[in-house]
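Beneath this line is the structure, given in structure tokens, with notes to follow.
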Amino acid sequence: MLKKACAFRFRGEELLLLAEKGIWFPAYQTLMVSDTHLAKGAHFRKSGIAIPKALAQQELSLLSDMIDQINPKRLIFLGDLFHSDINNDFSWFSLWREMHQQIEMVLIKGNHDFLPIHFYQTLKMEVIDTMILGPFKLMHAPPKQDTEKYLLTGHIHPGIRINGKARQGITLPCFYFGDTFGILPAFGKFTGKALLKPKSTDKIFAIVGDKVMLL
């Protein structure tokens, strides 16, 4: 088991919630991350905003570390793999994909995934709108109405506010599990966070440094 993983038994399945902002499904040998937004840094640099050039490489390196530790057969990107049109950061992803040719990679299409399908085909990636994984249905954005299966989604970039005794506080990325759907934290570092207001029945797992903690 990963040192940074938090075991969570849910809907009859064992999930490992990773401080690296992913979920490992041991029964399906599947690793899942959401909202990587690769190439977002380069997109903003074109507009004159100072974003570190090594950001994409750092995030791909983290993905490689997760793969080396877990050895998954499949990696699912839960939407918004890339943020914009093709730019220099795509070259890094292409090289990274060649390093992990043994892994099946699937993209659940998100609102930023608008590149032509042939681009993903050259990367040997399957692109679909939804996917069934055991008791879960995977799609990028939370639904507007309930579905038969429990949904796992991204898109929101969830965060939870933790307040201290002296009125100081911090917003942390988190995993959210509500009654009918759950939301993964955004994997990309340059994504921001949407503050959640959870109900008492919701389960929130905050990422605190190198740990995942149930609040």
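Please order 119, 82 by the number of other Cβ within 10 Å, starting at the fewest. By the 10 Å Cβ count, ascending: 119, 82.
Applying a threshold of 20 Å to the alpha-carbon distances of 149/189; 21/124; 4/189; 109/199; 21/193 flags 149/189; 21/124; 109/199 as lying beyond it. Subtracting the Cα-Cα distance of residue 195 and residue 132 from their residue separation scaled by 0.36 nm leaves 19.9 nm. Potential lengthening of the chain between residue 73 and residue 171 amounts to 31.9 nm, from the contour at 0.36 nm per residue minus the alpha-carbon distance. Across the stretch 5-214, C-alpha contacts under 8 Å between residues 6 or more apart give a mean separation that, scaled by the residue count, equals a relative contact order of 21 percent. Counting neighbouring Cβ atoms within 10 Å and putting the fewest first, the residues 203, 124, 109 line up as 124, 203, 109.
Counting neighbouring beta carbons within 10 Å and listing from fewest to most, the residues 98, 59, 148 come out as 148, 98, 59. If the chain linking residue 114 and residue 95 were pulled fully straight, counting 0.36 nm for each residue of separation and taking away their Cα-Cα distance, it would gain 4.8 nm.
Every number here is computed from the coordinates shown, using simple stated rules; none is lab data. Just so it is clear, the structure is predicted and the values come from calculations on it, not from any experiment. FYI the Cβ positions are ideal-geometry reconstructions off the backbone, even for glycines, and counts take in every protein chain you see.
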